[in-house]
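Down below is the structure, laid out as structure tokens.
The values are calculated or read from the model by the stated rules, or taken from the named source; none is laboratory data. Just so we're clear, the structure is a prediction, and the values are computed from it rather than from any experiment. Heads up, the Cβs are rebuilt from the backbone with ideal geometry, glycines too, and the neighbour counts pull from every protein chain shown.
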Amino acid sequence: MSLATNLKIFFNEAGNLSRFTGRFFKQWFKPRYETAELGRQCFVIGYKSLPLIGLTAFILGLVLTIQLRPSLIDYGVESQLPAIVGIADVREIGPVITALIFAGKIGSSIGAELGSMNVTEQIDAMEVSGTNPFKYLVVTRVLAATFMLPVLVMMGIAISLYGSYLGVNIHGVTSFHLFWKQVFDSLSFTDVLPAFIKSYFFGFAVGMIGCYKGYNSSKGTEGVGRSANSAVVLSSVMIFVIDLLVVQVTDVLGLN
Amino acid sequence: MMAEKNQVQNIEKPLPGEQILIIRHLHKSFGNNHVLVDFNLELKKGESVVVLGKSGSGKSVLIKCIIGLMKPDQGSIEMFGKNIPDINEEELDKIRAKVGFLFQSNALYDSMTVRENIEFPLRRHWIRVSQAEVNKMVLESLEDVGLAHTIDMMPAELSGGMRKRIALARTLILRPEIILYDEPTTGLDLITGKEIIELMIEIQKKYKTSSLIISHDMNCVRMAGNRVAILTEGRCYALGTYEQLQLNTDPLVKQFFE
Ligand SMILES: Nc1ncnc2c1ncn2[C@@H]1O[C@H](COP(=O)(O)OP(=O)(O)O)[C@@H](O)[C@H]1O
Ligand SMILES: [Mg+2]
């Protein structure tokens, strides 16, 4: 494929995704509200991702600590290990890694679910059953992903710090109390707030892209697989793009 | 049954006049693909018409225009005194509550049990009925299709023919006055297909519904249709009873009966 056709496909896709997002903003606050379905989606999207995110976060904190120690010993600041891991975890690694895991699990499952509903005419069936499928399926999932990811990120960070505590104590001895004191002393509100806020954008992007890919999947069973796959790829890339944008904004605002 | 339906759904009486569905000068194109070109058809109260057409001739497009899932480029579709392409979402929902639609792929919700699937249209059309009444209606619909024992199963556990029956039960729950069938026997074996056709005829008698059946299955055409319309080149090419069309010598009609 030539560059021109690739560019055309890119802008076409970007335009369609923007229009889809616009449709979300037009519909999300209009009645009727699908509160029961929203609650169910929060459970499915949030609660069910917790074990996976907890496990990966714990390992991440542990490994990060073990790997950082030798460098810190070289600089003679081994005692700062909890503080450095805490900052790295809260500001960047926790939110981004959690969001990537979330994209892998939730982005693909939304893409595949809506894709197969589209292929088997379930979305049309909802529409003829007195239901606005965009509100029932898309709005609920996007909102659930947006609300649940920041919660998961905070939990993930907490769990990974427990992993880090274990890592600190493999070679040295640091009391539980001292570990947490060092972590919290090094952190300030301006570390936590941007991380928390960008998690909302990550969650929104994962939900939106998953729904967009599923809702517009091509007919046929291979379309379902393709929409699940491209949902993960695109939302993973979007997470980094958003991360880049947020860091510019917080930099300008002097929050770094 | 009629009295109970009116009480539950608060449906207005159909307007006087024989025809319950009138399609006039329907046009629908996708780019350069002119799928429907001046299509005309009428459905009378209590009758069932089969629209016969080759695969890709625009049968599904026609039926989706009727239920408002697609907007035609031109033409009118009159049901219950309203022109479907013109009305807003709210009015459309009211009409959809009176029109059943059986999807070609059944469109059962994978994530819901059979009971939840069948309840779905009832709950979503905001018809205020008690839980006891909902249960009763679900069971009645399931008994109509002979599958009361599957009520707590998931769609994935059912065979193709059973899924078709459940989908039919789901369209029956609202006691529709018109049922639109999109290729009800496609993908089923010959015997199961025949059973479905017999079930459709039974239901038509029991609830006095009018049916528009889209098919290329000659069994379905012969058994279920009072009249047959042949959809070719986007138009209603020929219209008549099965016997009349069987004697037709036009090659485009004849090919279906060979
Ligand atoms: N959403 C759509 N976009 C573009 N073309 C479509 C769409 N739906 C149907 N078509 C085209 O309309 C024609 C008729 O399709 P369809 O009504 O599904 O045929 P069938 O008679 O087998 O049900 C086909 O050529 C198909 O490609
Ligand atoms: Mg079709």
Any idea how many residues of segment B:112-137 are more than 8 Å from chain A (Cβ to nearest Cβ) and either within 19 Å of A:Ser116 (Cβ to Cβ) or acidic (Asp, Glu) (or both)? 7
How many residues of segment B:53-104 are of a type in the set (A, V, I, L, M, F, W, C) and more than 14 Å from every other protein chain (Cβ to nearest Cβ)? The answer is 4
I'd like to know if segment A:46-62 contains one or more residues that are surrounded by fewer than 18 Cβ atoms within 10 Å (Cβ to Cβ) and at pLDDT below 90. yes
Among (1) away from every other protein chain (no Cβ under 13 Å); (2) in contact (Cβ under 8 Å) with a residue 24 or more places away in the chain; (3) farther than 30 Å from A:Leu245 by Cα - the single one A:Ala103 does not satisfy: (3)
Filter result (surrounded by 18 or more Cβ atoms within 10 Å (Cβ to Cβ) and either part of a helix (DSSP H, G or I) or modelled with pLDDT under 90 (or both)) within segment B:220-235: B:Cys220, B:Val221, B:Ala224, B:Gly225
Restricting to segment B:33-58, count the residues that are within 15 Å of ligand 2 (Cβ to nearest atom) and over 16 Å from B:Ile22 (Cα atoms). 9
Within segment B:15-55, take every residue that is exposed (fewer than 13 other Cβ atoms within 10 Å of the Cβ) and in contact (Cβ under 8 Å) with a residue 60 or more places away in the chain and give me the one that is farthest from the chain's Cα centre (by Cα). B:Leu15
Search segment B:56-95 for residues being in a loop (DSSP other than H, G, I, E, B) and hydrophobic (A, V, I, L, M, F, W, C), and hand back the single one that is surrounded by the fewest Cβ atoms within 10 Å (Cβ to Cβ). B:Ile87
Residue satisfying condition, being within 16 Å of ligand 2 (Cβ to nearest atom) and surrounded by fewer than 23 Cβ atoms within 10 Å (Cβ to Cβ), within set B:Leu139, B:Leu188, B:Leu180, B:Leu158: B:Leu188
In segment B:179-196, which residues are out of contact with any Lys or Arg (no Cβ under 7 Å at 6 or more places or on another chain), outside any loop (DSSP other than H, G, I, E, B) and away from ligand 1 (no atom under 13 Å from the Cβ)? B:Ile179, B:Leu190, B:Ile191, B:Thr192, B:Gly193, B:Lys194, B:Glu195
Residues of segment B:201-219 satisfying the condition of being crowded, with 17+ Cβ neighbours inside 10 Å, without any contact (Cβ under 8 Å) to a residue 60 or more places away in the chain and more than 16 Å from ligand 2 (Cβ to nearest atom): B:Ile203
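Here's the yes/no breakdown for (1) more than 27 Å from A:Tyr47 (Cβ to Cβ); (2) surrounded by 16 or more Cβ atoms within 10 Å (Cβ to Cβ):
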{"residue": "A:Leu161", "(1), (2)": "no, yes"}
{"residue": "A:Ser164", "(1), (2)": "no, yes"}
{"residue": "A:Gly167", "(1), (2)": "yes, yes"}
{"residue": "A:Phe179", "(1), (2)": "yes, yes"}
{"residue": "A:Thr190", "(1), (2)": "yes, no"}
{"residue": "A:Phe202", "(1), (2)": "no, yes"}
{"residue": "A:Ala228", "(1), (2)": "no, yes"}
{"residue": "A:Val232", "(1), (2)": "no, yes"}
Anything in segment B:195-219 that is among the acidic types (Asp, Glu) and modelled with pLDDT under 90? List them, or say none. B:Asp217
Pairs where the first residue, in segment B:189-200, is in contact (Cβ under 8 Å) with a residue 24 or more places away in the chain and the second is of a type in the set (Asp, Glu) and surrounded by 18 or more Cβ atoms within 10 Å (Cβ to Cβ), C-beta under 6 Å, 6+ apart: none
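Condition check ((1) touching a helix residue (DSSP H, G or I) at 6+ places or on another chain (Cβ under 8 Å); (2) part of a loop (DSSP other than H, G, I, E, B); (3) aromatic (Phe, Trp, Tyr)) across all residues:
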residue: A:Met155; (1), (2), (3): yes, no, no
residue: A:Leu161; (1), (2), (3): yes, no, no
residue: A:Leu166; (1), (2), (3): yes, no, no
residue: A:Lys181; (1), (2), (3): no, no, no
residue: A:Val192; (1), (2), (3): yes, no, no
residue: A:Gly207; (1), (2), (3): yes, no, no
residue: A:Lys219; (1), (2), (3): yes, yes, no
residue: A:Gly223; (1), (2), (3): yes, no, no
residue: A:Ser236; (1), (2), (3): yes, no, no
For segment A:120-136, what are the residues that are part of a loop (DSSP other than H, G, I, E, B) and either more than 7 Å from every other protein chain (Cβ to nearest Cβ) or within 27 Å of the chain's Cα centre (by Cα) (or both)? A:Asn132
Quick check on A:Lys213: is it assigned to a helix (DSSP H, G or I), away from chain B (no Cβ under 14 Å) and within 30 Å of B:Cys65 (Cβ to Cβ)? yes
Can A:Leu81 be described as farther than 30 Å from A:Pro133 by Cα and touching a Gly at 6+ places or on another chain (Cβ under 7 Å)? no
What number of residues within segment B:59-93 satisfy the criterion of being within 16 Å of ligand 2 (Cβ to nearest atom) and touching a residue at least 24 places away in the same chain (Cβ under 8 Å)? 9
